[in-house]
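Structure, as structure tokens:
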Amino acid sequence: MAVLELDGLIKDYGDVCAIHGVDLTIDNGEFCVFVGPSGCGKSTLLRMIAGLEEISGGELRIDGERVNEQRASERGLAMVFQTYALYPHMTVRQNLAFGLENIRTPRPEIARRVEAAATMLQIGPYLERRPKQLSGGQRQRVAIGRAVVREPRVFLFDEPLSNLDAELRVTMRGEIAALHRRLGNTMIYVTHDQVEAMTMADKIVVLRDGRIEQAGTPLELYNQPANSFVAGFIGSPRMNFVDVTVREIRADGVMVSDAAGNDYRAAVNADGLKPGDAAELGIRPDHLIVGDAAGHAVTVQSVEQLGGESYLYCETGAGTPLTVHLAGQTGIRRGETTHVVFRPDYTHLFRTSDGLGMKRLVVGEAV
Amino acid sequence: MLRSFLTRTRGRGRLDLTDWLTFGYLALAVVLMFGPVAWMALSSFKTESALQEYPPSLLPLAPIHVEVEGYEEPLQLFRVTGGEHEGKLLAQVRRIGLMSQMVDPQNPGERLQVNINDRVPEREFALAVENYSALFERFNFALYFWNSVFITVIATVITILFNSMAAFALSKYRFRGRTFVFILIIATLMIPPTINLVPIYLVVSELGMVNSPWGVIWPAVATPTGVFLLRQYMLTIPDDLLDAARMDHASEWRVYWRIVLPLSAPALAVLVIFSVMWRWNDFLWPLIVLTRSEQFTLQLALNSFQGDLQTSWSNLLAMTVLTLLPITIVFAFLQKYITTGIAQSGVK
Amino acid sequence: MLAPVTTAASYLYRAAFELFERPMLAIQKMTGAQKIAWVFLLPNLLIFGLFTFLPIFLNFFYATSGSDRILLSERPYVGLENFSSLLACENYLDPNSCQRDIFWRAVHNTSWFVVLQVGFMILFSLVTALVLNRNIPLRGFFRSVFFYPVLLSPVVVALIWKWVLQRYGVLNAGLEAQGLPIVNWLVEADWAFFWIVFVSIWAHMGFYTLILLAGLQAIPADVYEAAEMDGASKWRVFSKITMPLLMPTMVVVLVLSLIRAVQAFDEIFVLTGGGPGSATLLLLQFIYETGFAFRPQLYGLAAAASLLMAAVLMVLTLLQLRAARGRGED
């Protein structure tokens, strides 16, 4: 149980700067996910918290106490590694017990905790096996079990599911979420998969190039992305972007038009935008309506029929690609021309110069 | 068996010329490589007089002695090859000049005269194990053996410990000067001890280690080969494992001892084999440092005996066999391991 | 039967761990988790410093000083006298014209030895590796046959052959049985030289065979299959595929064996003692006898000769490093 405060954390490797002053508070019992493309510094940040990487600047506090100088083992954290990092020469039981033996926990207590963790994670039958004899999912459970027995203040997960196949990943995702509900510990979870972030997090922290782009609940990030990077990163399939020019600022939003002369309305605050400014219009594939003759003409490049839903990959008159999501099945064929309507209430607008997202007038799915 | 041996060639069924050449070459090789060793091993069981014989017999043979009624001592048995008693088996009572007095064991009452050129000794297969027992009774073999074992075992333990610690530091830590130290250690591969004999001797003598096993052990334990071999292996151990152990409250020493060492076991085993071989077979350096015979290793003892006219071949051969025996036994059990280990690391 | 041994071993392993645990933890508290690397390096570096780096340094002092005293403080400085005495020679091809004729005899012998031993050993090792690389039965056994002598100590090797080659030994008996003339192998100079080359090839070729065999087995099978599809003859497969692909390994073997041949000593010293006369005296034996075995001990001369040998080795090792790098880039 712990509150983590990151205060201007910096990591530099000589001349290369990996983390540029990160400020963040992670509340007690929160499930916080660090997400971002590879090389964004999320793993480095996690390892700094763990105590495996030295902190070059700033302060890291756990429950208000500065821990920069504490060794990894003294911070009371436990970590699940991407590669699991199970000790190959020890049995599962020895793997679980190793950390407790290191702090000279009495034997009966070790046995009790190992049994409890084994029961909870259903690895009881494998306790006497070596990691090599286990499947990927079983190894994953052992790696989690090794963290659980330590009864740490904070759990750290470093891309723990990236070595599993798709089906197992969904199962383990659910199990880790269930573990969090049961234990109620603070957990920090690093992933590059935004689906994992959306489904598991209380709070998502989007990182890019060693900086926080945005931190908030999954729906905050989905509904009101702070900038075009976050908008493009969160949500699947990816948000559509159209390059536009601001035409007019109105009470019900901003009027823009693209290179082909199509006009759009985005229901957002202008927030400093002026007519003539370059901007990016963003809209998610789910928020496009197809077949309404009032919409803009697009050419269908390809069609994916998934049965329960369909995707159209189109191109606008200006040559911008556009992905459209449809519920159910569709009769539209490749090569046809159709019309799509951009729902203004779901339209995002980003300033091209710095990517800043405009505040939406109506937020959420309330409309 | 032979058929399948001969026909298992390149899968085409018929033997061509290259197959015959191959078999010929290998057969010759077995004779040439094993022959001398086997010859020496056989010879080591011959009595001193049998060793003097020329041409030598293949197997260790000893003269046959028989009990003959009326004689207290057993008498040596001869086959008569000429003269009036040709073809008979007779026992010799005594020799007088060129004539030998003999009796027929079946008919001990009658003395017979035989020219010594007309008789050859009857012999049977017999192992002269006294060659070996004499080593322990007269030649202090146990002491030399112990000296060799002591140096080999202690030097190997220290080598493993020091080299693996250095390899651990060089493979698992990032610190200023790491590359420099690594290159420095590799550079010592260029400086074999043979070119530093004089100054190393000074260091050893200043440390008071002349004529002490430690004078052989200490200069030998920091092998660049060992550090290099272990470092390369430890690089393959994932760093995550070490980090996991650190998260598990392990101190750096515990990480090294409980995680890295056990996981390096295959490479450590190769180094153990090398080190045992190096130290057991060491010759030049011990020859310089150990000058008192009670400190001699087996190799030195063998060398000094072979130059010593007092020593007979029978004892020398037996001692040679006992010296190569430990290495041979180790090799017999671990040969696959040793050959692959050496082929992979390319060191000896 | 092994159970008590393993129990004892694991007990010792644990005990050793606990012996060092507390001091190392205390050190770690002082150094931090990164600088403790130096503590792990320390024992090895100390030994290196004392028995490798310091001696290199001292070697120059010995080489430039005279007398038979071991302590440097008691040795008078003589400049390059040791070197000039070693190198003083009217005709380097004729040892008798040199001031240190024994040294030059050793240099001559060593040069011949290196050329013959390395040349023939690589030839035999290559042939053997090619034979062992065929799909022959009992391959592991035959590999061991060639490798076994590598493990034997030089003294043992020398005694084995001394016993075979002696005047009344098995070789002469065999020759005589065939009606051939017998020879006193180790007493006639040319034959003695032949036998030191032969015995040292016998003792070491298994090692190089093993490396070449590994090199051969690293050549992927599909290359051979492709050549077969292309209708290449056996000879063309060997000359155009096997040899070029084996070349990097050959270079490594060549340089390794050169370095070792220059330092040859042990088995030859026991086998012939450098004799008859100085017919089989090699460089390292000269250094050993000059510096240690004979009195007065001419440490300076021995050190100077060592440095000359070191220069040769240095060149060979640099060749080796280049060869190794060449192999790594492939």
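No lab work stands behind these numbers, since they all come straight from the coordinates. Since the model is a prediction, treat every value here as computed from it, not as a measurement. Virtual Cβ from ideal backbone geometry, glycine too; neighbours counted across all protein chains shown.
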- Query: Based on the Cβ-Cβ distance from A:Asp202 to A:Ser135, what FRET efficiency comes out when R0 is 25 Å, to the nearest 0.05?
  - Reply: 0.25
- Work out the charge dipole of chain C with +1 on the Cβ of Lys and Arg and -1 on the Cβ of Asp and Glu about the Cα centre, then indicate which of C:Ala26, C:Leu256, C:Thr242 is farthest towards its positive end. C:Ala26
- Message: Taking the alpha-carbon distance from C:Lys162 and a cut-off under 21 Å, which lysines remain once sequence neighbours fewer than 8 residues away in the same chain are dropped?
- Response: B:Lys46
- Shielding by partners for B:155-167, please: the mean number of other protein chain Cβ atoms within 10 Å of each residue's Cβ. 3
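Starting from the Cα-Cα distance between C:Val115 and C:Asp222, subtract it from 0.36 nm times their residue separation and give me the gain in nm to one decimal.
Details: separation 107, 0.36 × 107 = 38.52 nm, distance 3.66 nm.
In short, 34.9 nm is gained.
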- Summing Lys, Arg as +1 and Asp, Glu as -1, what charge do residues with Cβ under 9 Å from the Cβ of A:Phe81 carry, A:Phe81 excluded? -4
- Query: In the protein assembly as shown, which Cys residues have no partner Cys with a Cβ closer than 4.7 Å?
  - Reply: A:Cys17, A:Cys32, A:Cys40, A:Cys314
- Most fluctuating residue given options A:Pro275, A:Pro106, A:Pro37, as computed from a GNM of chain A linking Cα atoms under 10 Å: A:Pro106
- Given the options C:Pro154, C:Pro276, C:Pro296, state which has the largest fluctuation in a GNM of chain C using a 10 Å cut-off (strictly under) for Cα springs. C:Pro296
- Message: Can you give me the distance in nm between label points at B:Leu184 and C:Leu245, each placed 7 Å from the Cα along the Cα-to-Cβ direction?
- Response: 4.3
- Query: In the Gaussian network model of chain A, springs joining C-alpha atoms below 10 Å, which of A:Ala166, A:Ala197, A:Ala116 carries the largest mean-square fluctuation?
  - Reply: A:Ala166
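Take chain A, mark every one of the trypsin sites (Lys or Arg not before Pro) that falls in a DSSP loop and has at most 12 other Cβ within 10 Å, then report the longest stretch left between them, sites excluded.
The longest such stretch corresponds to A:105-332.
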- Task: Sort out the exposed loop GluC sites (Glu not before Pro) in chain A (DSSP loop, at most 12 other Cβ within 10 Å) and tell me the longest stretch that has none.
- Result: A:129-364
- Theoretical FRET efficiency, 1/(1+(r/R0)^6), r = Cβ-Cβ of B:Ser57 and C:Leu19, R0 51 Å, to 0.05: 0.30
- Message: Is the C-alpha gyration tensor of chain C telling us rounded, prolate or oblate? Criteria: a/c under 1.5 is rounded; beyond that, a/b larger than b/c is prolate, otherwise oblate.
- Response: oblate
- Task: Could you grab the relative contact order for chain A? Cα pairs under 8 Å, six or more apart, rounded to a whole percent.
- Result: 15
- Query: How compact and how long is region C:151-253, expressed as Rg and Dmax of its alpha-carbon atoms in Å?
  - Reply: 20.7, 58
- In degrees from 0 to 90, rounded to the nearest 10, what is the angle of the helix B:265-281 Cα long axis to the longest principal axis of chain B? 50
- Item | Degrees between helix B:224-234 axis and first principal axis of chain B (Cα, 0 to 90, nearest 10) | 60
- Describe numerically, in nm with one decimal, the distance between label points set 7 Å from Cα along Cα→Cβ at A:Gln305 and at A:Glu151. 5.9
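Is there a quick way to get the dipole size of chain A? I mean about its Cα centre, with the Cβ of Lys and Arg at +1 and of Asp and Glu at -1; what is the value in debye to the nearest 20? Write out the running numbers ahead of the final one.
Numbers: 39 positive and 47 negative charges, 282 e Å.
Once rounded to the nearest 20, the dipole reads 1360 debye.
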- Check cross-link reach from A:Lys132 to the lysines: straight Cα distance under 25 Å, and skip same-chain residues fewer than eight apart. B:Lys172, B:Lys336
- Message: Take B:Ala269 and A:Arg211, extend 7 Å from each Cα along the Cα→Cβ direction, and tell me the distance between the two endpoints in nm.
- Response: 5.5
- Query: For the protein assembly as shown, with the dipole built from +1 on Lys and Arg beta-carbon atoms and -1 on Asp and Glu ones, taken about the Cα centre, which of C:Pro95, A:Phe342, A:Thr119 lies farthest toward the positive end?
  - Reply: A:Thr119
- C:Leu72 label point, 7 Å along Cα→Cβ, cut-off 15 Å on backbone N: hits in region C:282-308? C:300, C:303-304
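Applying 1/(1 + (r/R0)^6) with R0 = 51 Å to the Cβ-Cβ distance of B:Asp16 and B:Val153, what FRET efficiency is obtained, to the nearest 0.05?
Using R0 = 51 Å, I get an efficiency of 0.50.
Cα gyration tensor of region A:72-144, axes a ≥ b ≥ c as square roots of the eigenvalues: rounded (a/c below 1.5), prolate (a/b > b/c) or oblate?
Oblate shape, in that a/c is at least 1.5 and b/c is the bigger or equal ratio.
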- Query: By how many degrees, between 0 and 90 and to the nearest 10, does the Cα long axis of helix A:136-149 differ from the longest principal axis of chain A?
  - Reply: 60
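Tell me, what is the percent relative contact order of region C:31-137, built from C-alpha pairs under 8 Å that lie six or more residues apart? The partial results should precede the final answer.
Values: 53 pairs, mean separation 11.5, N = 107.
Averaging sequence separation for qualifying contacts and normalising by length gives 11 percent for region C:31-137.
Given +1 on the Cβ of Lys and Arg, -1 on the Cβ of Asp and Glu, and no further charges, what dipole in debye does chain B carry about its Cα centre, rounded to the nearest 20? Working shown, then result.
Working: 26 positive and 26 negative charges, 389 e Å.
For this selection, approximately 1860 debye.
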